[in-house]
Amino acid sequence: VVYRSNTNIYAQLVDDEKRITVLSASSIDKNIKSLIDKAANKIEKSKIVGESLAEKIKEAKIGRIIFDRNGYKYHGRVAALADGAREGGLSF
């Protein structure tokens with residue numbers, strides 16, 4: 001599930017059957033703060049968040065996910081997040 005504000009972007013991996021959030025990544029995470037600070041614009045930040053999310057999902061040994069854009073159009077920052085996740089090795 002993706003949420004974007006005017007300045008940040010957030011992504012969560014949710015288990016619908018158990019109704020819990022498994023893991024999340026956002027542009028305010030401390031572990032990617034140095035990369036986010038170097039990004040030139042919000043689209044680059046979104047791509048970094050997508051790559052971080054893919055890394056976390058791979059560590060959790062989850063193979064395939066469903067991408068929920070949460071009503072946002074699939075372009076700009078939402079598409080950049082999805083592209084970063086794909087480049088990180090996810091398939092959806």
Test: Leu35 is among the hydrophobic types (A, V, I, L, M, F, W, C), part of a strand (DSSP E or B), over 9 Å from the mean Cα position of the chain (by Cα) and within 19 Å of Arg4 (Cα to Cα): no
Positions within the range 66-79 being of a type in the set (Ser, Thr, Tyr) and either in contact with a strand residue (DSSP E or B) (Cβ under 8 Å, 6 or more places away or on another chain) or buried (at least 16 other Cβ atoms within 10 Å of the Cβ) (or both), in sequence order: Tyr72
Matching entry among Ile48, Ile62 (being of a type outside the set (D, E, K, R) and in a loop (DSSP other than H, G, I, E, B)): Ile62
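For the range 1-28, enumerate the residues that are outside any strand (DSSP E or B) and buried (at least 18 other Cβ atoms within 10 Å of the Cβ).
First pass over the range 1-28, keeping only residues outside any strand (DSSP E or B): 1, 5-8, 16-19, 27-28.
Within the range 1-28, just Ser27 meets the criteria.
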Whichever residue in the range 54-65 is touching a residue at least 24 places away in the same chain (Cβ under 8 Å) and more than 10 Å from Leu90 (Cα to Cα) and, among such residues, is surrounded by the most Cβ atoms within 10 Å (Cβ to Cβ): Lys56
In the range 67-92, the residues that are under 15 Å from Asn41 (Cβ atoms) and either outside any helix (DSSP H, G or I) or free of Cβ contacts under 8 Å to residues at least 24 places away in the same chain (or both): His75, Gly76, Ala79
Residue match in the range 44-62 (condition: among the charged types (D, E, K, R) and over 15 Å from Gly84 (Cβ atoms)): yes
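Values in this text are rule-based calculations from the coordinates and carry no lab data. Everything numeric here is computed off the predicted structure, so don't read it as measured data. Every residue, glycine as well, gets a Cβ built from its backbone with ideal geometry; the counts of neighbours run over all protein chains shown.
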